[in-house]
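This report concerns only the one structure given below.
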Amino acid sequence: MLENLIDRIERLDEAVLEGRVTALNGLLVEAEGPKAGLSLGAHAAIETPAGEAHCEIVGFRGETALMMPFGPLEGVRPGAKVWLQPQAARIRPSPAWLGRVLDGFGKPLDGGPALADGPTACPIKADPPSAHSRARLGDRLDLGVRVLNTFVPMRRGQRLGIFAGSGVGKSVLMSMLARASAADVIVIGLIGERGREAREFVEDVLGPEGRQRSVVITETSDAPALARRQAAYMTLSVSEYFRDQGCDVLCLMDSVTRFALAQREIGLAAGEPPTTRGYTPSVFAELPRLLERAGPGPERTDGGKQGSITGLFTVLVDGDDHNEPVADAVRGILDGHVVMSRAIAERGRYPAIDVLKSVSRTAPEVYEPQERPFVAEARKILSAYADMEELIRLGAYSAGSNPVVDRAIALNEPLEAFLGQSKDEAADIPSTFARLAEIVGGGEGVAS
């Protein structure tokens, strides 16, 4: 009984302080109240005829708090009561969340029963682990996708960016990873996704097999900027919970660009000056704070299993410009990048990954000694073909002019077939390298 009483006391919210709405300008609400309740990031509820409108404090003008809503503001009046909640937003994840679809506040969206809360409260917006206390990267993670396992290998706890324009297959690649990767738990954040595609992704693309070990957090494109940003924070919070339980988590977020757009909208409303292409300084401050939360957790000293968060974050490049500000910033934070090419998608090869422009910064430590020669030879062949591709298609290249190019032409079709993979196909690491060895090694196998 004492333990139950302690748990109930811990779940009690702190004292709620009251303030008043003083102005409303667009989506920016101004309010005044006790200074003890006015803190950056604090949540508040505004009285409306229909109930409450929930907001977050995003800045100050003098002693006036500037708030933005998580939902519609219809019915808000001057002088309306504001209930301030100084405590930061928290969630109580549990293993019962697996298989569920949630919003950015941990409320179910799938029509299922109410979520069972876990015993531990976790902050939605947490700090990344200390650089010198977190564990090292783990061993190689089997992603189930041939082109990634071969040319962009990942270690457990590594973070990788998937850079692509719209409509080149990012969502399908994410579904392949969710179904076929060797992670224990998959946490998927759909940030600013189209409303139609959110349900299709869960029911059709992800499917029952991928869903049963996944938690999906989604806020669609019509949601307010704060809700979209909250969904990104929530994705990492749920990932951190399962990591701390000793699980190897695969965190998939689509997309970081929409998180950045939401933060830009919040910053502009709060009065920040626009800088590079209209992005505010807070965008480039928040990106590393979000992305650094993925990776290995703090090193355990209790003998328990070390968990990790392997992160794959998609970046929707503006106009296929891979050097636009968000793409450039994210590429500098993460441990490698995968470039998806529209030209490859247009010729029907999926996943449309450009091997020569993709890189994993941990690749040298990942490959086995017997695998490296085949990867190097395959890259050499692909590069030679790419250099001469225009001449080959025009018929201007004469066979026999260059032995390397002749070999590249002969092996181009088998390599293209190797790099392609249907969304329902899974490929493990041993079979992948055995097949690559047959193509570029003249039938030599990879020693087990």
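The values are calculated or read from the model by the stated rules, or taken from the named source; none is laboratory data. None of the values given here were measured: they were computed from a predicted structure. Here Cβ is always computed from backbone atoms with ideal geometry, including for glycine, and neighbour counts include all displayed protein chains. Protein only, heavy atoms only, side chains kept; ligands, DNA and RNA dropped before computing areas. Shrake-Rupley method; radii C 1.70, N 1.55, O 1.52, S 1.80 Å.
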Checklist entry - In the list Gly59, Gly37, which residue meets the criterion of being closer than 22 Å to Leu268 by Cβ and touching a strand residue (DSSP E or B) at 6+ places or on another chain (Cβ under 6 Å)? => result Gly59
Checklist entry - How many of the residues making up segment 257-300 are at pLDDT 95 or above, out of contact with any Gly (no Cβ under 6 Å at 6 or more places or on another chain) and closer than 20 Å to Leu141 by Cβ? => result 3
Next on the checklist: What's the number of the only condition in (1) free of Cβ contacts under 8 Å to residues at least 60 places away in the same chain; (2) more than 27 Å from Val317 (Cβ to Cβ) that Ala343 fails to meet?
Outcome noted: (2)
Checklist outcome for this item: Within segment 32-63, residues more than 24 Å from Ile124 (Cα to Cα) and crowded, with 16+ Cβ neighbours inside 10 Å come out as Glu32, Gly33, Glu47, Thr48
Checklist entry - If you scan segment 264-294, which residues turn out to be assigned to a helix (DSSP H, G or I), within 18 Å of Ala225 (Cα to Cα) and either without any contact (Cβ under 8 Å) to a residue 12 or more places away in the chain or open to solvent by less than 10 Å² (accessible area, probe 1.4 Å) (or both)? => result Ile266, Gly267, Val283, Ala285, Leu287, Leu290
Next on the checklist: Which condition from (1) modelled with pLDDT under 95; (2) over 17 Å from Tyr367 (Cα atoms) is the one that Leu419 breaks?
Outcome noted: (1)
Checklist entry - Among helices (runs of 4 or more DSSP H) lying entirely in segment 118-220, which contain 3 or more residues that are open to solvent by 10 Å² or more (accessible area, probe 1.4 Å)? => result 170-180, 195-200, 207-211
